[in-house]
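Accompanying notes for the structure given below.
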Amino acid sequence: MEECECNKDRVLRRKLKFAKIPETFRESTINGFNINAYEQLESKEIAALAKKAATNYVKHFEKMQEKGKGLYFYSYTKGSGKTKLISSIANALIKQYSVDLIFITGEDLLNEIKGTFGKDSRQSTSEMIKIFRVIKVLVIDDFGIEAGENGANDWVERTFTSILNDRLEAKLVTIFSSNIKIDDLDQYYKSGRLSSRVKEMAPEIPMPEESVRVRKADYENTKLEELLYE
């Protein structure tokens, strides 16, 4: 018997709610990723390639999932559109393939685990870590920031290495955004074990070195000032 549309909609809403994609980007689509939001020609060209990679990744997701391959979007510039693009991919994977997915920043992932350390926690640390180890698709935003300027401490490095190693061996999809190139992760995760795992898990996709967030904020503030001083 074919599943009724109302039940499909309920399942979709549940999966989207569970994923915790940022509110700002819950309606974002890859098709709606605006290359013309960038000012520089080079930025537009890089953004177009990143958008194409995202589109084709979703199109060929079943093959990617079979191989356990995700994507690693990076640029050194904050506000370059990385979060919006990986959110758009996450939305598409849930809606088109009904995957179980979690969207979380690297820092929040660690905080979720630390939240189990207290005696009043309703969930054990091992149970929380297992969630990130076994979820079908894990989207980690701002990966690497949690290491801090002086590099990750032993606990942070062990935790991430353990989670990503299990996901690598199980061929589970992990999608990243970061301000750090994969090879440069060794500057913050000193053992070198993390970067090699990430490299196996996801091809590296550059994003523009231009902040669309700053341009958007400047535009909105200019319009607001016109209203305030009219």
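The values are calculated or read from the model by the stated rules, or taken from the named source; none is laboratory data. Just so you know, these numbers come straight off a predicted model, no measurement behind them. Using ideal geometry, Cβ is built from the backbone for each residue, glycine included, and neighbour counts are taken over all protein chains shown. The protein model used for the area step is the full one, side chains on, heavy atoms only, and it has no ligands, DNA or RNA in it. Shrake-Rupley method; radii C 1.70, N 1.55, O 1.52, S 1.80 Å.
To put it simply, the accessible area of segment 4-127 at a 1.4 Å probe is 49 percent carbon and sulfur.
Across segment 52-103, the volume of the C-alpha convex hull divided among the residues equals 84 Å³ per residue.
Projecting the Cα atoms of G144, S98, W155 onto the dipole axis of segment 96-165, where Lys and Arg carry +1 and Asp and Glu carry -1 at the beta carbon, places S98 farthest toward the positive end.
Among the chymotrypsin sites (Phe, Trp or Tyr not before Pro) within segment 6-53, not one is in coil by DSSP while having at most 16 neighbouring Cβ atoms inside 10 Å.
Over all Cα atoms in the chain, the spread is summed up by Rg and Dmax: 18.8, 63 Å. Can you tell me how segment 148-212 classifies by the Cα gyration tensor, rounded, prolate or oblate, using a/c under 1.5 as the rounded cut? Note, shape of segment 148-212 comes out oblate.
Kirkwood's formula applied to the C-alpha pairs of segment 76-125 gives a hydrodynamic radius of 13.3 angstrom.
In vacuo Debye scattering of segment 1-112, one point per C-alpha: log10 I(q)/I(0) at q = 0.15, 0.18, 0.23 Å⁻¹? Result of the Debye calculation: -0.73, -1.01, -1.41.
DSSP loop trypsin sites (Lys or Arg not before Pro) in segment 102-192 with at most 12 other Cβ atoms within 10 Å of their Cβ, which ones? Listed in order of number, the matching sites are K119, R122, K171. The residues of the chain have, on average, 58 Å² of accessible surface per residue, using a 1.4 Å probe with all protein chains present.
Indicate the gyration tensor shape class of segment 61-174 (rounded, prolate or oblate), computed on the Cα atoms with a ≥ b ≥ c the square roots of the eigenvalues: a/c under 1.5 is rounded; otherwise a/b larger than b/c is prolate and the rest oblate. Display every interim value, and only then the final one.
Numbers: a/c = 1.72, a/b = 1.24, b/c = 1.39.
Verdict is oblate for segment 61-174.
Each Lys and Arg adds +1 at its Cβ and each Asp and Glu adds -1 at its Cβ; summed about the Cα centre, the chain shows a dipole of about 920 debye. The helix-based estimate of mean residue ellipticity at 222 nm for the chain, built from -39,500 (n - 2.57) per DSSP H run of four or more residues and divided by its residue count, is -16500 deg cm²/dmol to the nearest 500.
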